[in-house]
Amino acid sequence: MHTTFEHHDAFNAAVLKAFIQEYRLKFPIALDQPNPASPIPHTWTGTRCAATPSLVLIDRDGMVRKHAFGAVDDLRIGAEIGALIQEAQSAAVARSSAA
């Protein structure tokens, strides 16, 4: 999630797209929207982030499963994502068995 706290007009979708292309980033990047009532953008507020960098791990149901401030070890977060995928697959199997 790209979040801008000031100069929202200067850091728009076109600028973000150019940055993504320049650095050949291959993962999806969302653009947080400014909040007219606050200097803090909508998603940043909704996920209760407090510092950068921040990591918010959200499951398939939209539930925040992890908040982390600062650097996060790639292997650790990969394992946590893998656990969420396994959890979702196990739930799907359980639902299909119950049907």
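The values are calculated or read from the model by the stated rules, or taken from the named source; none is laboratory data. Small disclaimer: the values here were computed from a predicted structure and weren't measured. So basically every Cβ, Gly included, is an ideal-geometry build from the backbone, and we count neighbours across all protein chains shown. Areas reflect the complete protein model, heavy atoms only, side chains present, ligands, DNA and RNA absent. Shrake-Rupley method; radii C 1.70, N 1.55, O 1.52, S 1.80 Å.
Taking a ≥ b ≥ c as the square roots of the eigenvalues of the Cα gyration tensor of the range 1-54, is the shape rounded (a/c under 1.5), prolate (a/b larger than b/c) or oblate?
It is oblate, given that a/c is not under 1.5 and a/b is not larger than b/c.
Using modelled amide H (1.01 Å from N, peptide plane; none on Pro or chain starts), what sits under 5 Å from the amide H of ARG65, excluding residues fewer than 5 places away?
HN-HN under 5 Å from ARG65: LEU57, ILE58, ASP59.
With Cβ to Cβ distances under 14 Å as the rule, what net charge do the other residues near CYS49 carry (K, R +1; D, E -1)?
It works out to a net charge of +1.
At a 1.4 Å probe radius, which order do ASP73, ASP61 fall into by accessible area, largest first? List each step's numbers first, then the result.
Values: ASP73 95, ASP61 135 Å².
Ranked from most to least accessible, the order is ASP61, ASP73.
Determine how large the accessible area of ASP74 is when every protein chain is in place; take a 1.4 Å probe and give Å² rounded to the nearest 10.
120
Which whole-number percent is the relative contact order of the chain (Cα, under 8 Å, 6+ apart)?
This gives 18 percent for the chain.
At 1.4 Å probe size, put LEU75, LEU57, LEU25 in order of accessible surface, largest to smallest.
Solvent-accessible surface, decreasing: LEU75, LEU25, LEU57.
Report the extension gain between ARG60 and GLN86 in nm, rounded to one decimal, defined as 0.36 nm multiplied by the number of residues separating them, less their alpha carbon distance. Each step should come with its number before you reach the end.
Values: separation 26, 0.36 × 26 = 9.36 nm, distance 1.18 nm.
Length difference between fully extended and current span is 8.2 nm.
Quick one: angle between helix 74-98 and the longest Cα principal axis of the chain, in degrees between 0 and 90, rounded to 10, please.
For helix 74-98, the angle is close to 50 degrees.
Taking amide H positions as placed in the peptide plane 1.01 Å from N, state which residues far from LEU31 in sequence (5 or more) or on other chains have amide H under 5 Å from it.
Result for LEU31 returns HIS2.
Rounded to the nearest 10 Å², what accessible area does LYS66 have for a 1.4 Å probe in the complete protein model?
Answer for LYS66: close to 40 Å² accessible.
Using only the alpha-carbon atoms of the range 27-99 as identical scatterers, what base-10 log of I(q)/I(0) does the Debye formula give at q = 0.15, 0.20, 0.21 Å⁻¹?
With one equal scatterer per Cα and no solvent, log10 I(q)/I(0) is -0.66, -0.96, -1.02.
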